[in-house]
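Presented below is the structure to which this report refers.
The values are calculated or read from the model by the stated rules, or taken from the named source; none is laboratory data. What you see is a predicted model; the values in this text were computed from it and never measured. Neighbour counts run over all protein chains shown; Cβ positions are idealised from the backbone, glycine included. The protein model used for the area step is the full one, side chains on, heavy atoms only, and it has no ligands, DNA or RNA in it. Shrake-Rupley method; radii C 1.70, N 1.55, O 1.52, S 1.80 Å.
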Amino acid sequence: DRDVTGVQTCALPISLQADKVGEQVSVRVFETALQDQGDASLHLTLPHVLNLSSWLHAPDQTATDRLAVHAELSHAPLQWLSGLVSNKDLGLAEARCDGAWDIALDRSYRVHVDPSGSTKFSRLSLSLPSIGKVSDLLVTLQPSLTLSNRELSASLREVEVTSSNGDHVQGTFSAEQTNSAPGLISQGNLQATLPSFLQNAHGPLPISLTT
């Protein structure tokens, strides 16, 4: 049994611990982190021991393990998305993203992304000529994704949007597409009260939508 531990001496620190017994190589610990000059950071870790020999050499029908990594994103700025978003009414200058996901590649070469808690987008703002500025928008959701060359399925569970003006939206959405069935199959439901957008003398009008 041999333990190998190494730390990369550059801007990207990597901690790796691996065992080698005969021809069997197992990675027990893999950690790396990216951090900018502010408080934004990205941490990547292995959720369990990875047997590399089993993954590389075992027959497809007997290997059930996945190549997996756990990712945690903290206080990541979203201002860089401004160039990709054509809607100039959406304010991203102060926006931040926080979340954690388990990302895996299985033996069928399908990529799985599953949430570990809620993903949060905070400090968003929206400016519209008819209503002015809606600030301190907070979006929370739990996104899941399965992707391969034969299928695509995605879901957004427990979606919730709130604002400092009392706006509140909640819902769940899913979509699926496969090579065997043309077209995109989607479904979802949404409920909302939006006093910034739609209300009368008695208060905000409720909105309910199911597809």
Self-check item: Charge context of Thr119, other residues only, Cβ under 15 angstrom, K/R +1, D/E -1
Solution: -2
Quiz item: Taking the highest mean first, how do the peptides 92-102, 72-82 order by number of other beta carbon atoms within 10 angstrom per residue?
Solution: 92-102, 72-82
Quiz item: Using a 1.4 angstrom probe and counting only protein chains, how large is the accessible area of Phe197 in Å², to 10?
Solution: 90 Å²
Quiz item: What FRET efficiency comes out for the pair Ser82/Ser127, r = Cβ-Cβ distance, R0 = 22 Å, nearest 0.05?
Solution: 0.95
Practice problem: Given the peptides 146-155, 133-142, arrange them by the average over their residues of other C-beta atoms within 10 Å, most packed first. | Solution: 133-142, 146-155
Self-check item: From the C-alpha gyration tensor of segment 114-159, square roots of 5λ in Å
Solution: 30, 14, 7
Quiz prompt | Gain upon complete extension [Ser116, Ala93; 0.36 nm per residue less C-alpha separation] | solution = 5.6 nm
Quiz item: Can you work out the FRET efficiency for the pair Ala175 and Ile14, with r the C-beta to C-beta distance and R0 = 45 Å, to the nearest 0.05?
Solution: 0.80
Quiz item: Roughly speaking, what is the stretch gain from Leu184 to Ala33, that is 0.36 nm per residue apart minus the C-alpha to C-alpha distance, in nm to one decimal?
Solution: 50.7 nm
